[in-house]
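Since every read-out is calculated from the coordinates, none of them should be taken as a lab result. The structure presented is a predicted model; accordingly, all values stated were derived computationally and were not measured. For neighbour counting, all protein chains shown are included, and Cβ atoms are generated from backbone atoms with ideal geometry for every residue, glycine included.
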Amino acid sequence: MTQGIVVVALTLLLGIQPITTDMYLPALPLLARALDAPAASAQLTLSALIISFGVSQLFWGPVSDRFGRRPALLVGLSLYSVAAIGAVLSPSMDWLIAWRTLQGIGMGAAVACGRSAVRDLYEPREGARVMSQGLAGLGLFAMAGPFVGALVARHSDWRAALGVVSLFGVLTLGFIALRFTETLPRKNPHALRLGQIARNWWLIGRHPTFVAWMALTCASWCGLFTLLSTSSFVFIDVLGTSQVTYGLLLTSQSFFYTAGTFLCRFLLSHTNASRTVAIGGAFSLVGGGSLAVMSLAGVQSVAAFMPAIWLFAIGHGIHQPCGQAGVTGPFPDKAGTAASLSGFAMMASAFGAGLVLGRNMNGTVFPLAFGVGAFGVLSAIVAWTLVRVHGDRQLHAPAAASA
């Protein structure tokens, strides 16, 4: 594949996540009313998808190391597309949660294999630059998703918003089937042996470079997840914005995230990855911290909150390309397993954050402000400590892990 095809494929495979999560966010209040369910149940349609997405990556990573990225992608995207159509036709909240869970399982193949393919084709530093290109494309989907979802929800209903999601899944499956060629240089016949999986998890999970980058991606992603899972209720129900205005606000947040990926690529051309994310940590700290401080001071204004959210989004756009490339850097022969282990950690931590948020959705701005604030501070701390010490030590894993 040419690098252009790789970037398009990576954009689709990584972009499936914000399309799946963001497109229907403006319709969440409508969904809850239409299915006669509380806000916590509506929020569970997102949390269930996230945890199944995270857990499934533990399966898809070794599968792709054993059989190749392309077969895993074709099976996973087929499952995703069927489940997406089922979600559109759901007669109740229970059915919707079940279909969204299956969607998350299929989505795990897309993201795990996309990240793994980057390591198959590129060394870590170049991989971070390519990853930033793919994540910039993801940012475009993230910009369009909430606004399109808001328009669809306004002129139709929540089923139509999920229908757009299902269409995206079918189109992505078609592109991968037609244009994606295998990237795995050598299949590992032992990748699915349980003992070997456990040993690889242990060796990868204790590698200091992996731990540093995984901690950063988890902290930054939890902040974004907090924003996504609470913002529709805070901005629409508490602050009184319309669905279309809310969609525009999320679009602006995605614009600044995309700007962060471009800034990441610029910084990587002038310095190393650990210094790049140190700069990103400043954005995370100022953005998240000021959001929490404003809420404590009694400020409850869209005009005041959005600049802080934009700063946090820029930091997120810097952290994710470096972090997602960094976790696979020491493991060229086990990139699928390393990417899946990191992906699981990200989604498990987000699911934990979602459970806390679900119990504290109290009709105020505080769950959003305190959550984003805490994870913004944590992102900065990790970037300035763990990543500074271990982030650029792209050493290969111990030989025992290569069995």
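Odds and ends about this structure:
- Just checking the listed ones, Gly358, Gly336, Gly326: in the Gaussian network model of the chain with Cα springs under 10 Å, the one fluctuating most is Gly358.
- Listed values for segment 361-376 are Karplus-derived 3J(HN,Hα) couplings in whole Hz (6.51 cos²θ - 1.76 cosθ + 1.60, θ = phi - 60°), namely 6, 10, x, 10, 7, 5, x, 5, 5, 5, x, 4, x, 5, 6, x, and x replaces Gly and Pro.
- Calculated on the Cα set of segment 23-94, radius of gyration then Dmax: 15.2, 45 Å.
- Between Asp22, Asp157, Asp65, the residue with the greatest mean-square fluctuation in the GNM of the chain (Cα pairs under 10 Å linked by springs) is Asp157.
- Taking 0.36 nm per residue of sequence separation and removing the Cα-Cα distance, the Arg129/Arg33 pair yields an extension gain of 30.2 nm.
- Segment 118-276: relative contact order as a whole-number percent, Cα under 8 Å and 6+ apart: 51 percent
- Taking the centroid of alpha carbons for each part, segment 205-278 and segment 340-384 are 12 Å apart.
- Averaging the sequence gap over all C-alpha pairs within less than 8 Å and six or more residues apart, then dividing by the number of residues, gives the chain a relative contact order of 27 percent.
- Only Cα pairs under 8 Å and 6+ residues apart enter the sum, and on that basis the relative contact order of segment 65-175 stands at 37 percent.
- Exposure rule at most 14 other beta-carbon atoms within 10 Å, DSSP loop trypsin sites (Lys or Arg not before Pro): the chain longest free segment: 207-392
- Point-to-point label distance, Leu89-Arg186, nm (Cα→Cβ direction, 7 Å offset): 4.6 nm
- Using the Karplus relation 6.51 cos²θ - 1.76 cosθ + 1.60 with θ = phi - 60°, the per-residue 3J(HN,Hα) values for segment 188-194 come to 9, x, 9, 5, 9, 6, 4 Hz, with x marking Gly and Pro.
- Computed from the C-beta positions of Ser269 and Asp157 and an R0 of 56 Å, the FRET efficiency is 0.75 to the nearest 0.05.
- Pairwise Cα distances in the chain exceed 30 Å for 34 percent of all pairs.
- Solvent-free Debye scattering, log10 I(q)/I(0), computed from the Cα coordinates of segment 1-146 at q = 0.13, 0.19 Å⁻¹: -0.59, -1.10
- Using equal-weight Cα scatterers in the Debye expression, the normalised intensity of segment 53-211 in log10 at q = 0.17, 0.18 Å⁻¹ is -1.12, -1.21.
- Tensor-based shape of segment 198-279 (alpha-carbon gyration tensor, a/c under 1.5 rounded, otherwise prolate or oblate): oblate
- Gaussian network model of the chain, Cα within-10 Å springs - most flexible of Ser349, Ser56, Ser301: Ser301
- Debye intensity ratio I(q)/I(0), log10, segment 290-356, q values 0.18, 0.27 Å⁻¹ (C-alpha model): -0.84, -1.08
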